[in-house]
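The values are calculated or read from the model by the stated rules, or taken from the named source; none is laboratory data. Keep in mind that what you see is a predicted model, and the values were worked out from it rather than measured. Heads up, the Cβs are rebuilt from the backbone with ideal geometry, glycines too, and the neighbour counts pull from every protein chain shown. With ligands, DNA and RNA removed, areas are computed over all heavy atoms of the protein, side chains included. Shrake-Rupley method; radii C 1.70, N 1.55, O 1.52, S 1.80 Å.
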Amino acid sequence: MSRDAALWTGVLAGPIIWLFSFEANYALAPWACIFQAKLALYIVSIVALALAAASGLLAWRQWKQLGQEWPGDGGGALPRSRIMAIGGVLLSAMFFLVILAQAIPEVILGACQ
Amino acid sequence: MTAEPMKPATLVSTILLLVLNGCAGHQQSAVDAAGPQAGRIETLFWFFLAILGAVFIIVMAAAAWTLTKRHRGIEQEPLERTHLPPPQTETRLTRVVTIATIATVVILFVLLVSSIVTGKGMAEFANSKNPMVIEVTGWQWWWQVRYQNSDPQQVLDTANEIHIPVGRPVMIRGTSQDVIHSFWVPNLHGKRDLIPSRITTEWIEADHPGVFRGQCAEFCGLQHAHMSVWVVAEPGDKFQAWFNSQLQPAPAPTDPVLQRGQQVFLNYACVYCHTIRGTTAAGQNGPDLTHFGTRQGLAANTLPNSMGNLGGWIVNPQSVKPGNHMATIAVNPDDLQPLLQYLQSLK
Amino acid sequence: MNPAQGPIFNTEEHAQELTILERVWRHPRGIFGWLSFTTHQAIGMRYIVTAFIFLLAGGIEALLMRTQLAFPNNTFLGPDRYNEIFTTHGTTMMFLFAVPVMEGMAVYLVPLMLGTRNVAFPRLNAFGYWMYLGGCLFLYWGVFTNTAPDIGWFAYPPLSGPEFSPGKRPDFWAQMITFTEVSAMCVAAEIIATIFKMRAPGMSLNRIPMYCWSMLVQSFMVIFAMPAIMIASSMLLSDRTVSTHFVNPAEGGDPLMFQHVFWFFGHPEVYIIFIPALGMVSSIVISSSRRQVFGYTAIVLSLIATGFIGFGLWVHHMFATGLPQIGEAYFTAASMMIAITSGVQIFCWIATLWTGRLRMTAAMYFVFGFIAIFVLGGLTGVVLASVPLDLQVHDTYFVVAHFHYVLIGGALFPLFGAFHHWFPKMTGQMIDEKLGKITFWILFMGFNLTFFPMHILGLKGMPRRVYTYPPDMGWAAASGLATVGAFVIAIGGLLFIANVLWSRKHGKLAGNNPWDADSLEWAAASPPKNYNFAYLPAVTSRYPLWVAPEDQVIVTGLRNDRREVLVTTLMDAEPHHRYVLPPPSIWPFLTAVAVTIGFAGSVFNAWYITWGSILSGICFIGWFWPRRPVELEP
Amino acid sequence: MTGTRTIDVSGLKPWNISIQAPLWWGQLSIILIEATMFSILIATYFYTRLRMDVWPPPGDRFPGLLLPSLALIPLILSAGGSYLASEAAKKNDRPGMIIGLGLNLILAILFFVLRVIEWHSLNFNWMEDIYGSFVWAFLGLHSFDYIAGLVETVVFLVIILGGRYAERERLGIHVDSLVWYFIVGIWIPIYIVIYWGPHLVETAQ
């Protein structure tokens, strides 16, 4: 994977994984009641959490390769790459949190409530 | 207010509300719970208010501090050239902002869990044993009420006024005849939409006797403002007495004036829309009037139920509730008095 | 040598170049020319002025409603008129004011901030404005012919369907949507292309001004949110006009489906209005605290995260419809998490202000007003995110209070700040600061007087959208107070207009950069020339005008005898090729007229869609037909 | 130029017929809008389907598979024509552009003729029931885009044949190919949803 592709993946993967897991879970919620099982919901959440973590890790590795420095406002590809790498880390973390927050009700609530 | 000892939160709310409203009754209020469901919501509300209020004060204080004189002179000189404070300031700021962000996350997770747990508690109310089932159907702009029972003899039709026994869970099964309405009696529970082609449910219970007002909460057209419902919570025996008397068909009038009134009712177009059990009137498009005389209000509680108001309503419904679907019927002046008296006699 | 002052070339050659630029970028004369010019400042200004007129219209409607609600059982307006007015108020404010004014500001500011001469598609830009104007006229045509929509700005079926709303009223609502959405999409497409491809050389991703970031996020939100409302309103319209059954419960349609699709647009819509305002706040904070913003990365990432999470909130408008509880809880979670991103931004601004050297301009007053009001609105938003609490306060005055706190506090206050901040740039004259501050205090107090009591009204059980209420509910005092507040706001609004008119006449000359601000728009003349910059700037910092003058860089070598601009690469903004923008043209206007005929006519007869399509097809061909010899040269 | 630091761009080429052109990105935005529109329509279709017990409602027949599947062949090939035209536009190869656009046009018309024939075989219209409403909405919206794309192709063909064209028009052809890929591409999921979907799911039940 080229550096730019890795950087874009880091930035966009978190939000997109969240969006898909969220839509999938929302669409599955009525079925969880019909089949009296929340398993599918758990699976979606866990897979999404793992993927978000992976995307964070990918971005983190990029950031390390780029010198692990906080992005300044310098010109050229390096500072720009750093802001994307750190952006990937933070966005992945943010959406990890959002997916986690959405997993909480799955655990607390019954399938049909 | 209720007879229970006041919770501190309730006290705060009372003061807050009194400031703006004087001593008006709390018959339609989300912060004066009269049942377990609304009580859970109210408790959650005060919890949210306390936490969010504290957050608000802290953030405002932080913002206001930027305005103090003492503060504004800090580090002017270096800024003019670099437009950036020294690195140690930036590091300190990073620490503060990070802590604030983490605190935000923690607070939001606490609120999220408390909200979900409350929601779970409210949903578990649906497992209650021995519930009473009441079907509420929204119409433009009145409420059709049917007490369901496996025994067809025990099914009761009425309108715009719901009686419930204190301490017994009630399941409201809602649907709509025309557009979307929303059933909402804030002292007992939050709102539930009544949607055509769907059935929605809501569980309520009153923990003390009282009369609570509810109102349609989803915009439903011209007379959305005049679509209210009374919920009367009564002790079990009193409720049963009411229920039994309502099950009876309307008594045949013996008084000649009332007999005349009944004939007037049956001869005019009233019968196309209204039902009076015990007579030939069996219309299905308007409220059931079998025990009309017992009700507190008319025209979905737009007006108190009195002889004068009723006369005005029948003669010219459009002046009372512009746009409503009750037909204006040219009632012969001689016929009006007997008609009114007959309707009022339907106890 | 400072490009902020314009490069000083004491040569005849330079004077000649300027004459050529003037000539090439001149607006064509006459009414025909007025209908055909395409410079972004002029079109942005058109958007802003038109939107402001509709703000006034929406404001008058608000005053009428507040007058009706001042006393219980008031008969100032009947139910029919009241329903029309509250619908028109909401529709006007959302579709004819809030979104277009944000677009107008962007059309005006973004090319200047990026250091280029115009938006990427000037003709599309002109077309977008005409479509917006068409939508405005169309809705108010309905208002003045007693066919104003009376179904709420959300138009839920079945109430808005053919059975319960015969006549043409909901059709005017549905088709107005189409007009304004087309306009919003045009702006979104051109803003994206402009920000991606026409930044000043050196403006890599980590140097894009905060406001441009916010517009980029907003434009993407427009792209993914607006199609939903087009689907929803078109389904409603085709149910009404050609008897389809999309939302007809009698034939298997589902009214809740409409709600889902509507709010899939409707919630992002709030952020579409609010995110540009965040960018404005950042700009004002940077220039007024005279320091680099604290947490550039954090703020940009928050904007992006907000843009995504904004699509995960829509069901919190439907908690009362009885959906499965786990499903609802997902939306509770997302609705609460979005508070993190807003919080981070607020923290970063406060940190910037703490350590900056604050200059309390009128614009800054509005920013502080924004922080106070928006934080409160955001916190009540957390209340609404909770399903149990929402069941009580949904569709009550509590919600009315909440969204006015976030929309007026979160978007209108920053916008007024922006008006005061960029007024010198747009007119060349300073706006009266003292009057601006008085305006702020009146608006701030009036606002809180109007909307704070509504929180309590909501908790006291007062539903929204009622045209009157009985006297014994205990609502009269708070409601009366709100009415008084509404008139105070009106006074503030009039004062602002007076200030603008007075300052246009008597304001002192501003110069290029009166605030000593950092971003490129302040390097252009005030007001900017049609070509913005005699020489396009290149940037060497995130804050290009705070760089020492000797380090500032300009671009030379563009041909000035046609509308040439520089295209740079997407991520690092390295110069890539020269690109020629088209000259003014009447075709965008004619196309808009053709499309208007199709849209407006289709309300009465579905065949107009066909006629409109054919007409606008012809106009589009005219638009793109190669004609001028200058375009044929390489 | 007295001491000012400058970047001289006079050496850069004017125009660039590639992904770097702003027009390409603008067109991409418009395509994203349309794609979102169709996705939402597909989502609402399934939403409605899941609420109904009987699908299609009694009386409606599912559309046949043969004709629409056959029609896919010219449709997909027409994208090839677009591709040829776009590559030729980059190289300013006039015969190539004419051949590409012409190929595109002929195949596209062929597809559309097949579609119109197929329309006549449907035994329901949009007023019948919600199933009819959806199928006709898909067909109508896509046909609208399709005709617009077709007209665009004709216009470019006329311009190129007339010979009065320059970089702007070549860029137009390049960007137009993007539109055509979209029009072809979006039809595939719609085709699966309205033709195969019912046959696969409904008969299996």
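Would you confirm whether any residue within region B:81-102 is open to solvent by less than 50 Å² (accessible area, probe 1.4 Å), on the phi < 0 side of the Ramachandran plot and in a loop (DSSP other than H, G, I, E, B)?
Looking through region B:81-102, at least one residue is open to solvent by less than 50 Å² (accessible area, probe 1.4 Å), on the phi < 0 side of the Ramachandran plot and in a loop (DSSP other than H, G, I, E, B).
Tell me whether region C:586-604 contains one or more residues that are free of Cβ contacts under 8 Å to residues at least 12 places away in the same chain, open to solvent by 10 Å² or more (accessible area, probe 1.4 Å) and of a type in the set (V, I, T).
Scanning region C:586-604 turns up no residue that is free of Cβ contacts under 8 Å to residues at least 12 places away in the same chain, open to solvent by 10 Å² or more (accessible area, probe 1.4 Å) and of a type in the set (V, I, T).
Kindly indicate which of B:S197, B:S176 is surrounded by 24 or more Cβ atoms within 10 Å (Cβ to Cβ), closer than 30 Å to C:S165 by Cα, over 8 Å from the mean Cα position of the chain (by Cα) and of a type in the set (S, T, N, Q).
Selected residue: B:S176, the only one of B:S197, B:S176 that is surrounded by 24 or more Cβ atoms within 10 Å (Cβ to Cβ), closer than 30 Å to C:S165 by Cα, over 8 Å from the mean Cα position of the chain (by Cα) and of a type in the set (S, T, N, Q).
Within region C:578-595, identify whether any single residue is touching a helix residue (DSSP H, G or I) at 6+ places or on another chain (Cβ under 9 Å) and among the basic types (K, R), and answer yes or no.
No.
Quick check: anything in region C:484-499 assigned to a loop (DSSP other than H, G, I, E, B) and either among the hydrophobic types (A, V, I, L, M, F, W, C) or without any contact (Cβ under 8 Å) to a residue 60 or more places away in the chain (or both)?
Scanning region C:484-499 turns up no residue that is assigned to a loop (DSSP other than H, G, I, E, B) and either among the hydrophobic types (A, V, I, L, M, F, W, C) or without any contact (Cβ under 8 Å) to a residue 60 or more places away in the chain (or both).
For region B:306-324, give me each residue that is part of a loop (DSSP other than H, G, I, E, B), out of contact with any Phe, Trp or Tyr (no Cβ under 8 Å at 6 or more places or on another chain) and not hydroxyl-bearing (S, T, Y).
B:N316, B:P322, B:G323
Checking the condition touching a Lys or Arg at 6+ places or on another chain (Cβ under 9 Å) and either polar (S, T, N, Q) or modelled with pLDDT of 95 or more (or both), which residue from B:S306, B:S228 passes?
Every option except B:S228 fails the conditions.
Return yes when C:A329 is open to solvent by less than 10 Å² (accessible area, probe 1.4 Å) and at the interface with chain B (Cβ under 7 Å from one of its Cβ atoms) and no when it is not.
yes
Among the strands (runs of 3 or more DSSP E) lying completely within region B:125-201, list those that include at least 1 residues that are under 20 Å from C:I151 (Cα atoms).
In region B:125-201, B:132-139, B:142-147, B:170-176, B:181-183, B:192-194 are the strands (runs of 3 or more DSSP E) which contain 1 or more residues that are under 20 Å from C:I151 (Cα atoms).
Given (1) within 14 Å of chain A (Cβ to nearest Cβ); (2) under 22 Å from C:M318 (Cβ atoms); (3) open to solvent by 10 Å² or more (accessible area, probe 1.4 Å), identify the lone condition not met by B:M171.
(1)
What is the one condition in (1) buried (at least 21 other Cβ atoms within 10 Å of the Cβ); (2) at positive phi that D:E167 does not satisfy?
Answer for D:E167: the failing condition is (2).
Among the numbered conditions (1) without any contact (Cβ under 8 Å) to a residue 40 or more places away in the chain; (2) within 14 Å of chain B (Cβ to nearest Cβ); (3) open to solvent by 10 Å² or more (accessible area, probe 1.4 Å); (4) in a helix (DSSP H, G or I), tell me where C:H245 comes up short.
Evaluating C:H245 over (1) without any contact (Cβ under 8 Å) to a residue 40 or more places away in the chain; (2) within 14 Å of chain B (Cβ to nearest Cβ); (3) open to solvent by 10 Å² or more (accessible area, probe 1.4 Å); (4) in a helix (DSSP H, G or I) leaves (4) as the failure.
Taking the residues in region B:220-244 that are in contact (Cβ under 8 Å) with a residue 60 or more places away in the chain and of a type in the set (G, A, S) as candidates, determine which candidate is farthest from C:P463 (Cα to Cα).
B:G236
Looking at region C:195-206, which of its residues are within 7 Å of another protein chain (Cβ to nearest Cβ), at pLDDT 95 or above and assigned to a helix (DSSP H, G or I)?
C:F196, C:K197
Can you report the number of residues in region C:554-575 which are under 30 Å from C:S282 (Cα atoms), open to solvent by 10 Å² or more (accessible area, probe 1.4 Å), in contact with a Lys or Arg (Cβ under 9 Å, 6 or more places away or on another chain) and not hydroxyl-bearing (S, T, Y)?
Qualifying residue count for the region: 3.
If B:L258 meets every condition in (1) over 29 Å from C:P470 (Cβ atoms); (2) modelled with pLDDT under 90 apart from one, which number is that one?
Exception for B:L258: condition (2).
Condition first: buried (at least 24 other Cβ atoms within 10 Å of the Cβ) and either within 14 Å of chain A (Cβ to nearest Cβ) or farther than 23 Å from C:G279 by Cβ (or both). Can you find one or more residues in region C:350-359 that meet it?
Scanning region C:350-359, I find no residue that is buried (at least 24 other Cβ atoms within 10 Å of the Cβ) and either within 14 Å of chain A (Cβ to nearest Cβ) or farther than 23 Å from C:G279 by Cβ (or both), so the answer is no.
Give me the residue from region D:106-139 that is at the interface with another protein chain (Cβ under 9 Å from one of its Cβ atoms) and in a helix (DSSP H, G or I) and, out of that set, surrounded by the most Cβ atoms within 10 Å (Cβ to Cβ).
This residue is D:S133.
Considering (1) modelled with pLDDT under 90; (2) assigned to a helix (DSSP H, G or I); (3) not charged (D, E, K, R), say which one D:A85 fails and leave the rest.
For D:A85, the exception is condition (1).
Here is a list of conditions, (1) in contact (Cβ under 8 Å) with a residue 12 or more places away in the chain; (2) over 16 Å from the mean Cα position of the chain (by Cα); (3) open to solvent by less than 50 Å² (accessible area, probe 1.4 Å), and D:W25 meets all of them except one; can you say which number that is?
Condition not satisfied by D:W25: (1).
Which residue, of C:S233, C:S287, C:S219, is within 9 Å of another protein chain (Cβ to nearest Cβ), assigned to a helix (DSSP H, G or I) and touching an Asp or Glu at 6+ places or on another chain (Cβ under 9 Å)?
After applying the criteria, what remains is C:S219.
Taking the options A:A24, A:A52, A:A48, A:A32, name whichever one is open to solvent by less than 50 Å² (accessible area, probe 1.4 Å) and in contact with a Lys or Arg (Cβ under 6 Å, 6 or more places away or on another chain).
A:A32
Just to be sure before I move on: is B:A217 free of Cβ contacts under 8 Å to residues at least 60 places away in the same chain, open to solvent by less than 10 Å² (accessible area, probe 1.4 Å), outside any helix (DSSP H, G or I) and in the same structural domain as B:F183 (by TED's automatic domain parsing) in the structure I sent?
Here the answer is yes, as B:A217 does meet what is asked.
Somewhere in region C:321-340, is a residue in contact with a Ser or Thr (Cβ under 7 Å, 6 or more places away or on another chain) and not in a helix (DSSP H, G or I)?
Within region C:321-340, one or more residues are in contact with a Ser or Thr (Cβ under 7 Å, 6 or more places away or on another chain) and not in a helix (DSSP H, G or I).
Here is a check on your reading of the model: is C:M473 open to solvent by less than 30 Å² (accessible area, probe 1.4 Å) and either within 10 Å of chain B (Cβ to nearest Cβ) or within 25 Å of the chain's Cα centre (by Cα) (or both)?
yes
So, in region C:62-101, exactly how many residues are outside any helix (DSSP H, G or I) and either open to solvent by less than 20 Å² (accessible area, probe 1.4 Å) or of a type outside the set (F, W, Y) (or both)?
7
For residues in region C:143-185 being open to solvent by 10 Å² or more (accessible area, probe 1.4 Å), of a type in the set (A, V, I, L, M, F, W, C) and more than 15 Å from C:F258 (Cα to Cα), which is farthest from the other protein chains (Cβ to nearest Cβ)?
Among those that are open to solvent by 10 Å² or more (accessible area, probe 1.4 Å), of a type in the set (A, V, I, L, M, F, W, C) and more than 15 Å from C:F258 (Cα to Cα), it is C:F144.
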